[in-house]
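The values are calculated or read from the model by the stated rules, or taken from the named source; none is laboratory data. Nothing here was measured: the structure is a model prediction, and the numbers come from that model. Because the Cβ atoms are built from the backbone with ideal geometry, glycine has one as well, and the counts that use them run over all protein chains shown.
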Amino acid sequence: MYIGAFFLLILFAVLAYNFAFIKGQLNVGTAYGARVACSCHYIGGRDLEDCKKDFEPGMEVIGLSLDEERRRVTASALMIASATAEFREGWGCVMLTEAQLDQE
């Protein structure tokens, strides 16, 4: 019992210590995922599930959602990070900032 509690305490401490790094990696991963999936879907004409084949190894935690009306793809990971890319004619897929998303 004590060994299990000690292990959980160590695990929690390691995660807390590395949270900034983990959040940073998830921010980069979701931005990459949103941009790649947006281009794949709106420029390449592929299904969103097929676009996940273009992800790098280790990006399995990134989920994708599609907003066809606004021509957007949002990537999110573990309720910690998310990013949205929007297809704009003549510009391709551009990343939206938090301020742009908050204006809506």
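Conditions (1) surrounded by fewer than 10 Cβ atoms within 10 Å (Cβ to Cβ); (2) of a type in the set (Lys, Arg); (3) within 15 Å of Leu78 (Cα to Cα), marked per residue:
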position: Tyr2; (1), (2), (3): yes, no, no
position: Val14; (1), (2), (3): no, no, no
position: Phe19; (1), (2), (3): no, no, yes
position: Ile22; (1), (2), (3): no, no, yes
position: Cys38; (1), (2), (3): no, no, no
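Within the range 24-36, restricting attention to residues that are surrounded by 15 or more Cβ atoms within 10 Å (Cβ to Cβ) and among the hydrophobic types (A, V, I, L, M, F, W, C), the residue that is modelled with the lowest pLDDT is Leu26.
Condition check ((1) within 18 Å of Phe87 (Cα to Cα); (2) over 19 Å from the mean Cα position of the chain (by Cα)) across all residues:
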residue	(1), (2)
Ala13	no, yes
Ala16	no, yes
Phe21	no, no
Gln25	no, no
Thr30	yes, no
Arg35	yes, no
Cys38	yes, no
Tyr42	yes, no
Gly45	yes, yes
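Would you point out the residue of the range 15-68, among those that are part of a helix (DSSP H, G or I), free of Cβ contacts under 8 Å to residues at least 24 places away in the same chain and of a type in the set (Phe, Trp, Tyr), that is farthest from Gly92 (Cα to Cα)? Within the range 15-68, the match that is farthest from Gly92 (Cα to Cα) is Tyr17.
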